[in-house]
Amino acid sequence: MRSGQPKHVDEAQLKYPENRPTPKDRKGHEIPWLTVVGFLFLTFNSGMAVYRSNGDLGAIFFVAFSYMDLVSLFYCLRWYESTPPESRRREHLKMAVWLQTTMLTAAFSYKVAAIMPFPVQVLVWSMAGTTVLGGFYAFFLHREGTKA
């Protein structure tokens, strides 16, 4: 390697400002452009689903619930990531994230199982239950360095 070349990525970003990550907002956090685009896409699709529901209150409630659950899930995940590891709030946020993913799993499983024959309904709910229990194990019971 030449002596003038940066040895680490951080040095390269300092030397060549055009290679820096996304811009910062007023609080100094990076603006997650992909996240913004994703939320715009989610909002547009949710609006279209409500529009196409033709006044079906069950469908509107399902779309609104799913949208609000996803938005709050992403908010809690972002908050979780910015919370110090030793903080008690982090455990509360972990529980909130697990509950929100559990509610989404149950809601989507209910919608899918409603249009399936009974044997497939059993399979759908079994998979949902396995996912929820696996998430609970991974979040709250499993510890690093232990053998399962």
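For the range 114-129, enumerate the residues that are closer than 18 Å to T101 by Cα and either of a type in the set (A, V, I, L, M) or loosely packed, with under 12 Cβ neighbours inside 10 Å (or both).
Within the range 114-129, V124, S126, M127, A128 qualify.
Going by what's in this entry, would M48 be described as over 21 Å from V132 (Cα atoms), assigned to a helix (DSSP H, G or I), at pLDDT 90 or above and not basic (K, R)?
yes
Based on this model, can you work out whether V132 counts as surrounded by fewer than 13 Cβ atoms within 10 Å (Cβ to Cβ) and modelled with pLDDT of 95 or more?
No; evaluated as a whole, the condition is false for this residue.
Under 8 Å between Cβ atoms, which residue pairs at least 6 apart in sequence (or on different chains) link something in the range 74-89 that is within 15 Å of T35 (Cα to Cα) with a partner that is hydroxyl-bearing (S, T, Y) and loosely packed, with under 13 Cβ neighbours inside 10 Å?
Sorted first by the residue in the range 74-89, then by its partner, the pairs are F74/T35.
Out of all the residues in the range 80-87, is one or more of a type in the set (D, E, K, R) and either under 24 Å from A59 (Cα atoms) or in contact with a Ser or Thr (Cβ under 6 Å, 6 or more places away or on another chain) (or both)?
No.
How do the pairs read when you match residues in the range 32-46 that are of a type in the set (G, A, S) with residues anywhere that are at pLDDT 90 or above, using Cβ under 7 Å and keeping only pairs 6 or more apart or on different chains?
S46/V63; S46/Y67
Working only within the range 114-129, note down all residues that are more than 17 Å from F61 (Cβ to Cβ) and either at pLDDT below 95 or in a helix (DSSP H, G or I) (or both).
Result: F118, P119, V120, Q121, V122, L123, V124, W125, S126, M127, A128, G129.
The values are calculated or read from the model by the stated rules, or taken from the named source; none is laboratory data. What you see is a predicted model; the values in this text were computed from it and never measured. Neighbour counts run over all protein chains shown; Cβ positions are idealised from the backbone, glycine included.
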